[in-house]
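Following: one structure in structure tokens, then a few remarks.
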Amino acid sequence: MHVLYSMQNSGNCYKLRLAMHQLGIAFSLVDIDILKGESRTPEFLALNPNGKVPALKLDDGRLLSESNAILFYLAEGTALLPEDRFCRAEVLQWMFFEQYSHEPYIAVARYWLSLVKGGRDLKAHLIDDWMDRGHQAFAVMERHLEKHDFFAAGRYTIADIALYAYTHVAHEGDFDLSAYPAIRTWLDRVTRQKDHVTMAWRPAQA
């Protein structure tokens, strides 16, 4: 059985719990609290030298890190990752967008403004930049979703999972999505996918 080293309220970790549940992949959880430094212990650094969650230990003992790389591995050969060459590249296009143009502002704002005690004061000088760049990312998503139901291949894929994870909790980073009707409709569309679970969901532990 796979073992996921995860922080419950991390969007990057939620991506994997959601995908594995929807794919019917059995896994167990090991909770890692990055706010308590648990991702910087010698034991965890032996799993992921980068000191970040998530990390996935496969049932054969091999290790993977980086949420979108793990998503790609898990989805191989399933409906969540198309076989067509162009469509696969399209999936990756949006997953790279998520990591470079979306997550560094939307997820980071949520982390400092909602999860870290005193974070709003510590990072006050960065908030305007997070807001500007985060809304730039939302504008790109909105334009795409005005013409498409999903981000790639004309159907629900791991590209949607990657972008959904932090978009659906963007309000926790002070982002207002009221100006993005296509994004809000897409969020609802994602929640209606078969076997969707919320960020609070955890697998039953043996």
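Key figures for this structure:
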| quantity | calculated |
| --- | --- |
| D (Stokes-Einstein, µm²/s), Kirkwood Cα radius, segment 85-191, 1.567 mPa s at 4 °C | 92 |
| Lys, Arg +1 and Asp, Glu -1 on Cβ, resulting dipole of the chain about Cα centre, debye, nearest 20 | 220 |
| Cα-based convex hull volume of the chain per residue, rounded to whole Å³ | 123 |
| For peptides 31-37, 183-189, 162-168, sequence by mean Cβ density within 10 Å, most packed first | 162-168, 183-189, 31-37 |
| Length added when fully stretched, GLU43-ASP188, from 0.36 nm per residue minus Cα-Cα | 48.3 nm |
| Förster radius 45 Å - calculated FRET efficiency between ASP60 and SER178, Cβ distance, rounded to 0.05 | 0.45 |
| Ranked packing of 83-89, 71-77, most packed first, by mean Cβ within 10 Å | 71-77, 83-89 |
| Extension reserve of the TYR73-ILE127 stretch, reckoned as 0.36 nm per residue once the Cα distance is removed | 16.0 nm |
| In segment 37-80, the trypsin sites (Lys or Arg not before Pro) that fall in loop regions by DSSP, at most 16 other Cβ within 10 Å | ARG62 |
| FRET efficiency for PHE96 and SER28, using Cβ-Cβ distance with R0 set to 35 Å, rounded to 0.05 | 0.70 |
| 19 Å cut-off, amide nitrogen to a point 7 angstrom out along ASP195 Cα→Cβ, residues in segment 70-94 | 70-83 |
| Convex hull volume per residue for segment 2-75, taking Cα atoms only, in Å³ | 77 |
| Contour minus Cα-Cα distance for LYS36 and ASN50 (0.36 nm per residue) | 3.4 nm |
| Lys pairs under 25 Å by Cα in the chain, provided they are eight or more residues apart or on distinct chains | 13 |
| Helical mean residue ellipticity (222 nm; -39500 (n - 2.57) per DSSP H run of 4+; nearest 500) of the chain | -13500 deg cm²/dmol |
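All of the numbers you see were taken from the coordinates with simple rules; none came from a lab. Keep in mind it's a predicted model, so treat the numbers as computed, not measured. With ideal geometry, Cβ positions are generated from the backbone for all residues, glycine too; neighbour counts draw on all protein chains shown.
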